[in-house]
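Down below is the structure, laid out as structure tokens.
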Amino acid sequence: MVKRTALGLVAALALTLGAGAAHAGGFTMVTDITGRVPSSLPGLIYANFVPLRMDARCIPMVFRVNNTQDPVPNPLGAAFLSVATAKAGIQEAMDQWNQIPTSYMQFQMGADYANAGVRKFDMINEITFRSGAGFVGVSTNIPTRLLETSLFSNGDDIDGDGDSDVSNTISTCTDIDSDGDLEWPAGTYDGGTILDVDIVINTKASNGYRFATTSDLSQLTALIDPRSTDLIKEVIFRLGFSMGLTVSTLPNVNNLTNPDDASMYNFFDFDDPLGALRQRTLEQDDIIAASMLYPEGSAATGPAALQKGDVAFSSAYGTIEGTVTHGDLNLPVLGGDVTAIRHDNGDHVSAVYTGNARIAFNIATFATTPLPPAEGILDGKYKLALPYGTYDLNLEAVDFFPQFNQAVGAVATLGGTYGLNTFSEEFWNSTLEAAKEVAPGDSTPVTLSAATPTVTGINFVTNKVTTITNAGGPNMTDFNDVPGTCYAVDFPITQLVTADAGRGLPLTAGLIEGVAGDQSQACVMQQMWLAFGTVSGTTATINLAQPLETKTNFGIQQFDRQPWFFERKNLSKKIFDAYRLGTQTHVFMVAKTPNSPSLPNFSNKSDRPAVDLRSEGFVPSGLSYIATDCTNFTESPTYFWEMDLQFNEKP
């Protein structure tokens, strides 16, 4: 059903971190009430989730920069950034998106905008350094979009300013009356269509930020401050939201060799100027998401038609499709995160979120209410677009590590509401994929090629696990012990026996949380061990010379609880047999940090690239140990290292 435009059919939402994503890619998903179908909840209708996107008739997407504060305010001192310099940086950010050959999205700089107030819905896409009194973030997007499929007719006043916003004499968005706002062609527009999107950059004296555009690392280093950041990378991030993308879950291209973040990764390391400079360059995940939402070559005419320099999306990428089912709840998963990792070198190429859903919607108040799971969860589908090649597919929950569901958006948040964001990380393993697996770290690679551009049926079932955690949640990080320090967590074998409860569960993984002192550094442990040991008072002796398992150069995804999947399949039996024979009583998981940093350090928090997360004030105490020489371990009385052990239920 197509609706005429009327008051109440448009909605504004603030996108500080995002507003939703689903199986089609890393997109912002918004409610669409087209058809106004009654739900099971009295008086409420169904709202499906659709991608927030710009209509092709209004591409290129024109932004106007507010020029009423020149130079741009600097809350930390004298203003130094002119509007002209800021615009040059904004153009550089636009160029990053504009040069993607497989995406037809284009951004364009319009005339300056002399708006002396805060942003407003006025059919002008504005970039402004004026933020409202209550705003506390670095920046935000505020799009106004259609709530349902709507018919625009000649003379319609969409923004209510007394001026017509629709004309039947044009076929593309054009300022035909030269008053500064764009008129739209008459016609039908889908629910989720962006009508106006403003980028608000906070420079208020009370809580704003200082922005710079220099590429000089020494100058940026001199500007390090919790309220200082790079304008270009921030605008790249905001333009991604403006076209309809959401946050990425990829804080590292490669856990071992390339710590670069996707530009749409939303965590901000204020004291790492090198990391900020690197986020000025789009990664594959950013490029693929923009190309999926605006695929080049997907139309015969208009901006989506192939032009000189364009590359058809369908010729550059293949697709992998599947579903994710929660092994404990037997429900499709909303808010799963499926990542494609190159089989040959471990690069994280792209990640997508899983699931489609609907929610109950109050047309009078715009309020939403979750539906019962059987009614609200539509599926757990995902679809990855990837260059031809061979990939390992990894699944993890959107559970705050390394991304949280509110940042991803409404669909992932619904997954949290339904209890679906609680499962352990694993790889896809073909016919062995099940709720009960003995080797969750084993992977069956998937190959895309010109001969096989589409692979379907790559379906995950999340694992049933028992996790032993001796540290609680993390509340501290970035400590500065000497390079080459070893951190150990004691797991008394009686604790493992109790957790196993006679089930004969396989011990499949150790989990460790880590973060580098600077975001531009890879978080790599020089070596990991799982080994028997003994405890005497406040000291421990650990047999690192004869470990049960060991691994060198273990890369940890930033802000993630990274699994170290064990190779030995009979670990539980070996440990329990030794306990029953009376020869062993303790098992330790040990991590050694590198002996020296691999990159320049800006934070002055750590003189090595890998830093464990640690917690303070949790019980049980007496289970975390430290040794600067990796030999003489002493108890840490107040800090507990974030290392866990995981059992999987067996078939």
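The values are calculated or read from the model by the stated rules, or taken from the named source; none is laboratory data. Since this is a predicted model, take the numbers as computed values, not measurements. All Cβ positions, even for glycine, are placed from backbone atoms using ideal geometry, and neighbour counts span all protein chains on display.
Here are the numbers for this structure:
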quantity: Leading residue by the ranking (modelled with the lowest pLDDT) among those in the stretch 481-511 that are assigned to a loop (DSSP other than H, G, I, E, B) and among the charged types (D, E, K, R); calculated: ASP481
quantity: Single match in GLY275, GLY335, GLY309 (criterion: surrounded by 23 or more Cβ atoms within 10 Å (Cβ to Cβ), among the small types (Gly, Ala, Ser), at positive phi and not assigned by TED's automatic domain parsing to the domain that holds GLN557); calculated: GLY335
quantity: 2 or more residues modelled with pLDDT of 95 or more and more than 23 Å from the chain's Cα centre (by Cα): qualifying strands (runs of 3 or more DSSP E) within the stretch 282-364; calculated: 356-361
quantity: Residue identified as assigned to a strand (DSSP E or B) and either surrounded by 15 or more Cβ atoms within 10 Å (Cβ to Cβ) or in the same structural domain as ASP157 (by TED's automatic domain parsing) (or both) among ALA86, ALA47; calculated: ALA47
quantity: Residue satisfying all of: in the stretch 366-409; small (Gly, Ala, Ser) and out of contact with any helix residue (DSSP H, G or I) (no Cβ under 8 Å at 6 or more places or on another chain); surrounded by the fewest Cβ atoms within 10 Å (Cβ to Cβ) among these; calculated: ALA374
quantity: Residue match in the stretch 386-398 (condition: within 11 Å of GLY335 (Cβ to Cβ), part of a helix (DSSP H, G or I) and modelled with pLDDT under 95); calculated: no
quantity: Looking only at the stretch 149-169, and only at residues there that are of a type outside the set (Ser, Thr, Tyr) and crowded, with 16+ Cβ neighbours inside 10 Å, the one that is farthest from the chain's Cα centre (by Cα); calculated: ASP156
quantity: Selected residue (criterion: farthest from THR246 (Cα to Cα)) from residues of the stretch 278-288 that are buried (at least 24 other Cβ atoms within 10 Å of the Cβ) and in contact with a helix residue (DSSP H, G or I) (Cβ under 8 Å, 6 or more places away or on another chain); calculated: GLN279
quantity: Tally, over the stretch 128-162, of residues that are part of a loop (DSSP other than H, G, I, E, B) and among the aromatic types (Phe, Trp, Tyr); calculated: 2
quantity: Hits in the stretch 213-245 (condition: assigned to a helix (DSSP H, G or I) and at pLDDT below 95); calculated: LEU217, SER218, GLN219, LEU220, THR221, ALA222
quantity: Any chance ILE232 is under 20 Å from the mean Cα position of the chain (by Cα) and within 19 Å of ALA86 (Cα to Cα); calculated: yes
quantity: Only one of TYR113, TYR104 that is in contact (Cβ under 8 Å) with a residue 12 or more places away in the chain, over 30 Å from ALA312 (Cβ atoms) and among the aromatic types (Phe, Trp, Tyr); calculated: TYR113
quantity: Extreme residue, farthest from ILE236 (Cα to Cα), among residues of the stretch 195-212 that are touching a Lys or Arg at 6+ places or on another chain (Cβ under 9 Å) and in a strand (DSSP E or B); calculated: LEU195
quantity: Test: residue in the stretch 182-189 that is under 30 Å from SER82 (Cα atoms), in contact with a strand residue (DSSP E or B) (Cβ under 9 Å, 6 or more places away or on another chain), not β-branched (Val, Ile, Thr) and not in a strand (DSSP E or B); calculated: yes
quantity: Selection within the stretch 548-563 - of a type in the set (Lys, Arg) and crowded, with 24+ Cβ neighbours inside 10 Å; calculated: ARG561
quantity: The listed residue being buried (at least 20 other Cβ atoms within 10 Å of the Cβ) and either at pLDDT 95 or above or not polar (S, T, N, Q) (or both), out of VAL619, VAL611; calculated: VAL611
quantity: Selected residue [within 29 Å of the chain's Cα centre (by Cα) and of a type in the set (Gly, Ala, Ser)] from ALA212, ALA222; calculated: ALA212
